[in-house]
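A.B. asks: Handing you this structure, nothing more for now.
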Amino acid sequence: MTAPIETTGAEAEAQPEAVLTGVKKSQIQGRSLGQIAWMRFKRDKVAVAGGIVVLLLVLLAVLSKPIQSIFGLDPNELHQDLVDPQLLAPKGGWGGMSWDHPLGVEPGLGRDLLARIIEGSWVSLLVAAGATLLSVAIGTVLGVIAGYYGGWVDSVISRMMDTFLAFPLLLFAISISAALQDGAFGLEGLPLRISVLIFVIGFFNWPYMGRIVRAQTLSLREREFVEASRSLGARGPFILFRELLPNLVAPILVYSTLLIPTNILFEAALSFLGVGIAPPQASWGGMLTSAVDLYEVDLQYMIVPGMAIFVTVLAFNLLGDGLRDALDPRSK
């Protein structure tokens, strides 16, 4: 219900035509785009659940070493007394699950699966996040340049994208990873393998982000605020970094969350093929590789790392879908 405000003379021009009855002035406030997006996101319970799982996984990866130290977990400690020496299967049911080993033990060597899952979490998330940042950095810069300048610049960058997309990525990643296993660039061992995986996965996946950013830039460059900047004398670099990029944050953020699970699966695939993280360092893909020869002895040894990958990928996908709907309601 609204009630008209009676005014006379010049006061009529300064007063609003109507006010909300029963509502205090302090109760009426504007909301920023971020607040509106957060309200939409909170309504999506599935996306919120995915975000909570992602947050817990990130905390698990960051605090993996302190957690192992506090609870006395050692991912490489052997418990061969818990394994049948003839069958190589863990003693007891459900893969040797007990209070001391909640997820069971590894067939043959008897290493604790919970400790190896925790240890492998930081490896998988570090590789996926690093590769995603590299892809986003290259794809955003080249995509926004191609979309804004157009012409021959757009043609060159677009053909470059097509060339990268035509590469047999998996075979190329296997060959590079295998060639650099012994040492390169002053690195060796685990730091080298992680760096190579981040480079291979991130460098050859940037065209996907580049195409998305290019398409968004083609739409934004014709908007009124860009024309206004040009009319005020703004040049290309200023418009790119002060006008276009802030308006591209939302789609970049959304597609980054959807790219991370893809990179997690790619890292697991390379480790599964033997060119990823080398043992004894725990990784989820490496655990699946070992489980191939032992799944008939203990099926749970394959289920545990498989479920870790499944839950992580699902959580990131749910979070990405929720962010997309919250930041761009027209996408529904």
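The values are calculated or read from the model by the stated rules, or taken from the named source; none is laboratory data. Here the structure is a predicted model, which is why all the values come from computation and not from measurement. Here the Cβ is made from the backbone with ideal geometry for all residues, glycine too, and neighbour counts use every protein chain on show. Side chains included, ligands, DNA and RNA excluded: accessible areas come from the protein's heavy atoms. Shrake-Rupley method; radii C 1.70, N 1.55, O 1.52, S 1.80 Å.
A.B. asks: Picking from Ala269, Ala278, which residue would you name as being at pLDDT below 80, open to solvent by 20 Å² or more (accessible area, probe 1.4 Å) and under 23 Å from Val58 (Cα atoms)?
C.D. replies: Numbers: Ala269 fails: at pLDDT below 80.
The conditions single out Ala278.
A.B. asks: Another question about this same structure. Here is a list: Leu323, Leu319. Which entry is buried (at least 23 other Cβ atoms within 10 Å of the Cβ), at pLDDT 80 or above and in contact with a Gly (Cβ under 7 Å, 6 or more places away or on another chain)? Give the derivation first.
C.D. replies: Values: Leu323 fails: in contact with a Gly (Cβ under 7 Å, 6 or more places away or on another chain).
Exactly one residue qualifies, and that residue is Leu319.
A.B. asks: Between residues in segment 129-140 that are over 12 Å from Ile201 (Cβ atoms) and among the polar types (S, T, N, Q) and residues that are open to solvent by less than 20 Å² (accessible area, probe 1.4 Å) and part of a helix (DSSP H, G or I), which pairs lie under 7 Å by C-beta distance while being six or more apart or on different chains?
C.D. replies: Thr140/Met209; Thr140/Val213
A.B. asks: Between a residue in segment 79-95 that is loosely packed, with under 13 Cβ neighbours inside 10 Å and any residue that is outside any loop (DSSP other than H, G, I, E, B), which pairs come within a Cβ distance under 8 Å, given they are 6 or more apart or on different chains?
C.D. replies: Trp94/Gln300
A.B. asks: Which members of segment 292-316 meet the condition of being of a type outside the set (Val, Ile, Thr), surrounded by 15 or more Cβ atoms within 10 Å (Cβ to Cβ) and under 22 Å from Val127 (Cα atoms)?
C.D. replies: Step one: of segment 292-316, the residues of a type outside the set (Val, Ile, Thr) are 293-296, 298-302, 305-308, 310, 314-316.
Checking the rest, the ones that are also surrounded by 15 or more Cβ atoms within 10 Å (Cβ to Cβ) come to 294-295, 298, 300-302, 305-306, 308, 315-316.
Met302, Pro305, Gly306, Ala308, Ala315, Phe316 - these are the residues of segment 292-316 that are of a type outside the set (Val, Ile, Thr), surrounded by 15 or more Cβ atoms within 10 Å (Cβ to Cβ) and under 22 Å from Val127 (Cα atoms).
A.B. asks: Pick from Asp154, Asp162: which is touching a helix residue (DSSP H, G or I) at 6+ places or on another chain (Cβ under 7 Å) and among the acidic types (Asp, Glu)? Please lay out each step first, then the result.
C.D. replies: On the way: Asp162 fails: touching a helix residue (DSSP H, G or I) at 6+ places or on another chain (Cβ under 7 Å).
Going through Asp154, Asp162 in turn, just one is touching a helix residue (DSSP H, G or I) at 6+ places or on another chain (Cβ under 7 Å) and among the acidic types (Asp, Glu): Asp154.
A.B. asks: What pairs come up if the first residue lies in segment 253-275 and is in contact (Cβ under 8 Å) with a residue 40 or more places away in the chain, the second is in a loop (DSSP other than H, G, I, E, B) and not aliphatic (A, V, I, L, M), and their beta carbons are under 7 Å apart, counting only those six or more places apart or on different chains?
C.D. replies: Hits for this filter: Glu267/Gly276; Leu270/Gly276.
A.B. asks: Just one of the numbered conditions (1) touching a Leu at 6+ places or on another chain (Cβ under 8 Å); (2) surrounded by fewer than 22 Cβ atoms within 10 Å (Cβ to Cβ); (3) over 15 Å from Gln80 (Cβ atoms) is not true of Leu109; which one?
C.D. replies: For Leu109, the failing item is (3).
A.B. asks: Something else now. What number of residues within segment 122-153 are modelled with pLDDT of 90 or more and of a type outside the set (A, V, I, L, M)?
C.D. replies: Matching residues across segment 122-153 total 8.
A.B. asks: A further question on this structure: For Ser283, are the conditions met, namely being free of Cβ contacts under 8 Å to residues at least 24 places away in the same chain and crowded, with 21+ Cβ neighbours inside 10 Å?
C.D. replies: Values: free of Cβ contacts under 8 Å to residues at least 24 places away in the same chain: no; crowded, with 21+ Cβ neighbours inside 10 Å: yes.
Criteria not met by Ser283.
A.B. asks: How many residues, within segment 69-78, are surrounded by fewer than 17 Cβ atoms within 10 Å (Cβ to Cβ) and touching a residue at least 12 places away in the same chain (Cβ under 8 Å)? Break it down into steps so the answer makes sense when it comes.
C.D. replies: The initial filter retains those residues of segment 69-78 that are surrounded by fewer than 17 Cβ atoms within 10 Å (Cβ to Cβ), namely 69-72, 74, 76-78.
Pick out the ones that are also touching a residue at least 12 places away in the same chain (Cβ under 8 Å) and you get 74, 76-78.
Total meeting the criteria: 4.
A.B. asks: Lys42 versus (1) in a helix (DSSP H, G or I); (2) surrounded by 15 or more Cβ atoms within 10 Å (Cβ to Cβ): which is the lone unmet condition?
C.D. replies: Result: Lys42 passes all but (2).
A.B. asks: Within segment 144-155, does at least one residue satisfy the condition of being over 21 Å from the mean Cα position of the chain (by Cα) and within 30 Å of Leu57 (Cβ to Cβ)?
C.D. replies: No, segment 144-155 has no match at all.
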